[in-house]
Amino acid sequence: MTPAQWALGSAVLLAGLVASFMVMLFVYKVGRNRRAAFAEVRRAAYIAAMGEMAYRGGYPQDMLQGWVNDRVFREVVVEYLKFLTGAHRHRVLRFANDIGISELLHKELSSMRKGLRSAAAEGLSQLGDEDSVPFLLEALTDKEQGVKINAAHALARVGRPETLPAVMAAMAGGSDWVRSRVADALITFGPTAIVPISLVLDHPQTTPETKRLLIQVLGQIGDPIAEPILLSGLNSGDLDVRVRSTAALATAGSPSCVPSLIETLSDPDWRVRAQAATSLNVRMDPLAIPALKAALGDEGWWVRQNAATALTSIPGGQKALLAALDDPDQFARDVAPEYLMGSQIMVPDSPEGIEIEIDRLEEIEREQEVVRPEAVLYTGPASQKTGPKHAAVKPRHHNPRHRAPSSRDRSKGRHRP
């Protein structure tokens, strides 16, 4: 065979291989598209059937038994359950348990495909079947993050307190995202999670990141049982723990925590002080008014803003803001009129007193204004008519002296937040 014949034969063989590959690729894509189209048709039929089951409470049992082996049907059931509540949800759960969806999902939890395991754990999180607990506990050790997170949420929906240690153990060693998502699952357990969380917080081997998340969970659960734990966090050497404990006391504290929050207004770090003012705003206890009034002169910009916001909300706080108009501290004099002018003034003394205070605020506003440009005529599309008589007036602009600090301000002494 000559070299030319060899080259020609090789070219023909290569062309045949390429043609065969293209034909196989075409057949594969056509088959995949047809399978996807058929799956969408089935999905539409299943969605209609789910509506019948949820709102009419019945469907042929033998037909459901035939559908349960279809993964598309199981996906539809899981997605439908996310949007159902009350009696409608109970009907669908009853049908799902009768036809054995949970058992199939248990088998898929041991699949080699991580996507299938994650979908199975998500499905079990919607079903909330107590028989799934052993399988879900095993799934908490899965290497795939999605499987671990969905298993934690599934156990939280079941709500058995004895599974809490295993769920919290899943937070260790994972990424920040895994820890935060598992911490979200702890909120679903409710007050039953407070005691186990306190034990983990007291454990010497608990990482600072886990402690911060658990304190945030206590605040989101919002039960006063957690108040002693959060009060101890106010004295932590970890800044983030102090900030989150202060924030959590707004929702998980009792009225007795207000004195501790008032003391936190003297914390060395401005972030803790700013959060304390916000938490006192939520507590709305008049006992905090003197301390919040003093915080109007704080060197931290956010502390002053949050303290003024709290005083506008707490009964009797507006009197403190009015008194701050003549405060010796420049910062207090700046922040008080801004919040008084933005709120409805309530001075119980007399109508004359209200008029005097309003006049005083208007005077301060005039003093704080910078030079305003005169109104100019604007003949743009704001008016369809022409001529100076019908021209739209461009609004005046002014910059209040008391504003949020820029990046340049933050580097200047007392304006640093």
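The values are calculated or read from the model by the stated rules, or taken from the named source; none is laboratory data. Just so it is clear, the structure is predicted and the values come from calculations on it, not from any experiment. Virtual Cβ from ideal backbone geometry, glycine too; neighbours counted across all protein chains shown. The accessibility values were calculated without ligands, DNA or RNA, using every heavy atom of the protein model including side chains. Shrake-Rupley method; radii C 1.70, N 1.55, O 1.52, S 1.80 Å.
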A 1.4 Å probe over the protein heavy atoms gives region 84-162 a carbon and sulfur accessible-area percentage of 49 percent
Could you work out how far apart the two model spin labels at SER175 and GLU299 are, taking each label as a point 7 Å from the Cα in the direction of the beta carbon, and quote it in nm? 4.0 nm
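Sorted by packing (mean other beta-carbon atoms within 10 Å per residue), highest first, where do 325-332, 151-158, 129-136 land?
151-158, 129-136, 325-332
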What does the charge count around GLN145 come to, taking other residues whose C-beta lies under 10 Å from its C-beta (Lys +1, Arg +1, Asp -1, Glu -1)? +2
Note down the net charge around ARG34, summing +1 for each Lys or Arg and -1 for each Asp or Glu among other residues with Cβ under 14 Å from its Cβ. +3
So, in nm, how far is label TRP6 from label ASP98 when the simple model puts each one 7 Å beyond its Cα toward the Cβ? 7.5 nm
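Express in nm, to one decimal, how much length is gained between VAL282 and THR207 on full extension, taking 0.36 nm for each residue of separation and deducting their alpha carbon distance.
Numbers: separation 75, 0.36 × 75 = 27.00 nm, distance 2.98 nm.
Length difference between fully extended and current span is 24.0 nm.
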With a Förster radius of 30 Å, plug the Cβ-Cβ distance of VAL23 and GLU52 into 1/(1 + (r/R0)^6) and report the FRET value to the nearest 0.05. 0.10
Which is farthest toward the positive dipole end of region 119-197 among ALA121, ALA152, MET171, measuring Cα position about the Cα centre, with Cβ charges +1 (Lys, Arg) and -1 (Asp, Glu)? MET171
Rounded to 0.05, the calculated FRET efficiency for the beta carbons of SER232 and LEU14 at R₀ = 51 Å is 0.10
The correct ranking of MET50, MET22 by accessible area at 1.4 Å, largest first, is MET22, MET50
Just add up the charged neighbours of PRO191: K/R +1, D/E -1, any other residue whose Cβ is under 14 Å from the Cβ of PRO191. -2
Using 0.36 nm per residue, how much length does the chain from MET63 to ASP329 gain when fully extended, once their Cα-Cα distance is taken away? 88.0 nm
Label-point gap, in nm, between ALA39 and LYS319 - each point 7 angstrom along Cα→Cβ: 6.9 nm
So, taking all protein chains as they sit and a 1.4 Å probe, how much accessible area belongs to TRP177, in Å² rounded to tens? 130 Å²
Per-residue HN-Hα couplings for region 233-244, Karplus 6.51 cos²θ - 1.76 cosθ + 1.60 at θ = phi - 60°, whole Hz, x for Gly and Pro? x, 5, 9, 6, x, 8, 4, 5, 5, 5, 5, 6
At most 10 other Cβ atoms within 10 Å and a DSSP loop assignment: could you name the trypsin sites (Lys or Arg not before Pro) in region 180-287 that fit? none
With r as the distance between the Cβ atoms of ASP223 and GLU138 and R0 = 41 Å, compute the FRET efficiency 1/(1 + (r/R0)^6) and round to 0.05. 0.85
